[in-house]
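This report concerns only the one structure given below.
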Amino acid sequence: MAKSRGASWKRYAFVLIPLLAGSYFIWRLLSSARSTDLQAILQNLPKEITQSIDSAASSQKKDEALIEMFEKFSREVLQKQDEQMRNFERERKALEKKIQDLKQPSAHATLREKLALIFQYGTTRKFPAFIWQTWPYSDMDERMDKTLQTYERNWGEKNPGFVHEIINDDTASALVHYYYSSIPEVIEAYDALPSANLKADFFKYLVLFARGGVYADIDTNPLQPVPNWIPENVSPKEIGLIIGVESDANSPDWRSNYVRRLQFGNWIMLAKRGHPVVREIVAKVTETTLQRRADGELRSNLRNDLNIMKWTGSGIWTDVIFTYFNDYVQSGVFEKITWKDFHLLKVPKLVGDVLVFPQVSFSAPEKPEKEDKEEETNKALHFVTHKNLKSWKTAPKVADDS
């Protein structure tokens, strides 16, 4: 029995040993294949990551290039739109001018209706960048007084963006005939005025009404640029006319020197084209002049200052302004306005669309006689000095100098 069991064990061992050896060999083979595949995967992984990154970078560059092209295209479109808008604006202005030139008032229209039709007013417009002065000589003429020459040049230097014109008598006449060609009454009145002084006064209003801008007597010297005149808390769109107090009389004998107790000056004025106040004084001077001619009184009292003030000067100017203030339909002011509203005025006052400055603003001292705290405080309101040389009286006659 024992011999039979030993033979059986050997028989099983002979079968199991080759089987185990074969299994081990197969396992080694499979293990080696997996290791090779994994190694290959690990070796290829950096390449795949790099390719992915490169692909992402390439895509980003494409996106950036596309965005840059889009931005460039947008800029070109906006530039073309701006150019088109500028062209449209130029064409609009040209067309507007042609339409304005074609406007002809009705034969039955009143003088004021004609003026309002030809020179329309709009408060939202900007103040035109013009500075108008009148004098027989330009600043380049050696006959020009040195002081007045300095003043005139200061206007240009302090306002470099403005068109600055010194108008002589012949040029003034030509401009009046051109601007008012469709309103013959105005031309007739201008030509009928018997003195150069009266014509110079009338021309102030006529050129401001037709073109707008600043009018400044030749004996005025600017201390600050014109844009500084408008306070920061007031929009230029709210203003149509800027004036200053000329005289604020306290003495009882004021009637010997002035027409009104408080008068507004006409040596400095800033107006938008077609302003109703300027329109009214153009109409008033025209009517008064033609009536005086009809009555044979054109040459009466030409040397009397008060007569000139009432005819073309600051007297009639003041009356027209107060009439405007108290016409609520035009000014939009619903309270009664009198000279007391501007008596001892210290700061600018806006009434309707008219900005009124204190007396010191357009008649500022060149050098204060003494240190004054109040004067120093108001120095920001010192815009113009006025020599009050009555240059309109002493203007030389060109014909006599030739």
Problem set entry | Of Gln224, Val329, Asn304, farthest towards positive along the dipole that unit charges on Lys, Arg, Asp, Glu beta carbons give segment 219-330 | Asn304
Exercise. For segment 341-353, what does the Karplus curve 6.51 cos²θ - 1.76 cosθ + 1.60, with θ = phi - 60°, yield as ³J(HN,Hα) per residue in whole Hz, taken in order and with x for Gly and Pro?
Worked result: 5, 10, 5, 6, 5, 10, 10, x, 10, 9, 10, x, 10
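Taking every DSSP beta bridge with both residues inside segment 111-401, roughly what % is antiparallel (nearest 5)?
Antiparallel: roughly 60 percent of the beta bridges in segment 111-401.
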Problem set entry | DSSP-loop trypsin sites (Lys or Arg not before Pro) across segment 266-365, with at most 16 other Cβ within 10 angstrom | Arg299, Arg303, Lys336, Lys346
Exercise. For segment 111-401, max minus min Cα coordinate along each principal axis, in Å, sorted largest first?
Worked result: 54, 51, 43
Problem set entry | Unit charges on C-beta of K, R, D, E only; dipole of segment 111-401, Debye | 520
Exercise. If the viscosity is 1.567 mPa s and the temperature 4 °C, what Stokes-Einstein diffusion coefficient in µm²/s follows for segment 161-242 when Rh is the Kirkwood radius over Cα pairs?
Worked result: 88
Exercise. Once fully extended, how much extra length lies between Asn307 and Ala107, figured as 0.36 nm per residue of separation less the alpha-carbon to alpha-carbon distance?
Worked result: 68.7 nm
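If we count other beta carbons within 10 Å of each Cβ, what is the order of Asp253, Asp141, fewest first?
Lowest to highest Cβ neighbour count: Asp253, Asp141.
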Seminar exercise, completed: Least to most buried among Phe88, Phe322, by other C-beta atoms within 10 Å and fewest first, runs Phe88, Phe322
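Calculate, in nm to one decimal, what Thr171 and Asp341 gain on full extension: separation in residues at 0.36 nm each, minus their alpha carbon distance.
That works out to 57.3 nm of additional length.
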Exercise. Which whole-number percentage describes the relative contact order of segment 79-189, with Cα contacts under 8 Å and a sequence gap of 6 or more?
Worked result: 25
Seminar exercise, completed: The pairs in Lys346/Lys367; Lys204/Lys367; Lys80/Lys237 lying past 24 Å Cα-Cα in this model are Lys204/Lys367; Lys80/Lys237
Exercise. Could you give me the ³J(HN,Hα) list for segment 204-220, computed from phi with Karplus coefficients 6.51, -1.76, 1.60 and θ = phi - 60°, whole Hz, x at Gly and Pro?
Worked result: 3, 5, 5, 6, 5, 5, 7, 10, x, x, 9, 10, 9, 4, 5, 9, 10
Seminar exercise, completed: If every Lys and Arg gets +1 and every Asp and Glu gets -1 at its Cβ, then about the Cα centre segment 113-200 yields a dipole, in debye to the nearest 20, of 440
Exercise. Are there GluC sites (Glu not before Pro) in segment 254-332 that DSSP marks as loop and that have at most 14 other Cβ atoms within 10 Å, and which are they?
Worked result: Glu297
Seminar exercise, completed: Computed over the Cα atoms of segment 104-183, the Rg and Dmax in Å are 16.9, 51
For this session: Provide His382, His275 in ascending order of the number of other Cβ atoms located within 10 Å of each residue's Cβ, fewest first.
Result: His382, His275
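No lab work stands behind these numbers, since they all come straight from the coordinates. Keep in mind that what you see is a predicted model, and the values were worked out from it rather than measured. For neighbour counting, all protein chains shown are included, and Cβ atoms are generated from backbone atoms with ideal geometry for every residue, glycine included.
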